[in-house]
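Asker: Structure in structure tokens, see below.
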Amino acid sequence: MANPIQFYRDFQAMMREHCIRHVLTSGMACVEYGIQHNTKDTDWIIHPDDLGKLVAMLCESERGLTGNNWRVSYRPLFGASLSQEYHQGGWTSHLVIRDAPLAPEHHLDFFGKAPRLKDDEWLAQSGGIASKSVVAQMKKTDRAKDWPIVNGLAVQACLEGDMDGLLHLREIALLRSFWIELDHSTRQRLGAIRPILLNLSDCDDTRLERLLWIERSIWEQVNRERYSVYQHEWKEFYRRWQKDQVGQWPSSEPFVQQHRRIVEAVIEFQLPARPLDPPIRKQAIFKQGIQRAAALLAATPEELAAVVFPIEVILP
């Protein structure tokens, strides 16, 4: 029976042995970086092409073929199967593993196409822990508790010389201090991604603090709009799936049978693999999120112009 940190390290070692391209991200990565101190979950970005290897590894471990005797199951959360097509479309899979009888549950979330990240943004770190900038980008959610973590990761990155941390930093004094040290080309590159940086010299602290709140609200509202699309599609699929079913999901079957069941179900009962396609749907989500943020904070057109970032930054 392993504690959460030991379990994630053992699990990661197994993925390396199976040549599964991956990185650890989110809460447990923050634990390793000393930013967060209490989490039981592990979040993994997995290359979509390697999901078949992951499923095989899980099945082998549950059957005792690797020396393990795990109990593996999907969790009762909305999310698709561990399938390449669905993960390329932005879906997430949620699993629970017991590594010994009566052991506490280990919760694992898997992303093939992680929200807010470009497809190849993490690959250079494959096999280890996602960089602080990558973790910060993933932590820019609609949950208030994540934003101090975003800032903490950004501070660490900047102090270590990774100026991409300025894309996430929220402390005004540090923003100004690090920005002054940058050359023109770096300022232009970062400013194209985060326009608020280009306004640092023109704003007093009070105005800059307001702009930072508007910027954060846009992140929160766009994320909520995106999440609601996946949530709606799952609920509609689940109603169709369970209409003539007896029992509940997840079932008590071994993982190999659970996996087969949901793989067949998402096809038969038409869970959309790419809910954000076509591109016009992303554009609508982005626009709705901005409008909602503007309404909540009574943001002016001038303020929005100073903070709105390219759609590809949040919906790549």
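Asker: For D50, only one of the following conditions fails: (1) touching a residue at least 60 places away in the same chain (Cβ under 8 Å); (2) in contact with a His (Cβ under 9 Å, 6 or more places away or on another chain). What is its number?
Answerer: Only one criterion is unmet by D50, namely (1).
Asker: Hey, another quick one. Do you know which of the residues in the stretch 1-24 that are surrounded by 17 or more Cβ atoms within 10 Å (Cβ to Cβ) and modelled with pLDDT under 95 is nearest to L51 (Cα to Cα)?
Answerer: Here the residue is Y8.
Asker: Can you find a residue in the stretch 67-89 that is over 30 Å from A265 (Cβ atoms) and either more than 13 Å from the chain's Cα centre (by Cα) or not charged (D, E, K, R) (or both)? Walk me through how you get there before you give the answer.
Answerer: Taking the stretch 67-89 first, the residues over 30 Å from A265 (Cβ atoms) are 67.
Within this subset, residues satisfying the condition of being either more than 13 Å from the chain's Cα centre (by Cα) or not charged (D, E, K, R) (or both) are 67.
Yes, because at least one residue in the stretch 67-89 is over 30 Å from A265 (Cβ atoms) and either more than 13 Å from the chain's Cα centre (by Cα) or not charged (D, E, K, R) (or both).
Asker: Out of S73, S81, which single residue is assigned to a loop (DSSP other than H, G, I, E, B) and either in contact (Cβ under 8 Å) with a residue 24 or more places away in the chain or under 25 Å from E160 (Cα atoms) (or both)? It would help to see each step written out before you state the result.
Answerer: Numbers: S73 fails: assigned to a loop (DSSP other than H, G, I, E, B).
Just a single option satisfies the conditions, and that option is S81.
Asker: So, one more: Give the residue that is modelled with the lowest pLDDT, with candidates limited to residues of the stretch 239-262 that are part of a helix (DSSP H, G or I) and surrounded by fewer than 16 Cβ atoms within 10 Å (Cβ to Cβ). Working first, answer last.
Answerer: Taking the stretch 239-262 and keeping what is part of a helix (DSSP H, G or I), we get 239-242, 255-262.
With surrounded by fewer than 16 Cβ atoms within 10 Å (Cβ to Cβ) added as a condition, the list becomes 239-240, 242, 257, 260.
Values: R239: 92, R240: 92, Q242: 87, Q257: 95, R260: 95.
Restricting to residues being part of a helix (DSSP H, G or I) and surrounded by fewer than 16 Cβ atoms within 10 Å (Cβ to Cβ), the top hit is Q242.
Asker: Out of the residues in the stretch 168-193 meeting the condition of being outside any helix (DSSP H, G or I) and closer than 19 Å to K132 by Cα, tell me which one is nearest to the chain's Cα centre (by Cα). If you could, list the steps in order and put the result at the bottom.
Answerer: Residues of the stretch 168-193 that are outside any helix (DSSP H, G or I), as a first pass: 168-171, 181-183.
Checking which are closer than 19 Å to K132 by Cα leaves us with 168-171.
Working: H168: 15, L169: 18, R170: 20, E171: 23 Å.
Ranking the candidates gives H168 first.
Asker: Return yes when W219 is at pLDDT 95 or above, in the same structural domain as A298 (by TED's automatic domain parsing) and surrounded by 20 or more Cβ atoms within 10 Å (Cβ to Cβ) and no when it is not.
Answerer: Working: at pLDDT 95 or above: yes; in the same structural domain as A298 (by TED's automatic domain parsing): yes; surrounded by 20 or more Cβ atoms within 10 Å (Cβ to Cβ): yes.
Yes.
Asker: Where the second residue is part of a helix (DSSP H, G or I) and among the aromatic types (F, W, Y) and the first is outside the structural domain of G52 (by TED's automatic domain parsing) and within 22 Å of V55 (Cβ to Cβ) and lies in the stretch 239-265, which pairs have Cβ atoms under 7 Å and are six or more apart or on separate chains?
Answerer: A265/W241
Asker: Mind listing whichever residues of the stretch 7-38 are in contact with a His (Cβ under 9 Å, 6 or more places away or on another chain), over 17 Å from A114 (Cβ atoms) and either of a type in the set (A, V, I, L, M, F, W, C) or not in a helix (DSSP H, G or I) (or both)?
Answerer: If the condition is that a residue be in contact with a His (Cβ under 9 Å, 6 or more places away or on another chain), over 17 Å from A114 (Cβ atoms) and either of a type in the set (A, V, I, L, M, F, W, C) or not in a helix (DSSP H, G or I) (or both), then F7, F11, V31 are the ones that fit.
The values are calculated or read from the model by the stated rules, or taken from the named source; none is laboratory data. The model shown is predicted, which means the values in this text are computed figures rather than measured ones. Note: ideal-geometry Cβ built from the backbone for every residue, glycine included; neighbour counts use all protein chains shown.
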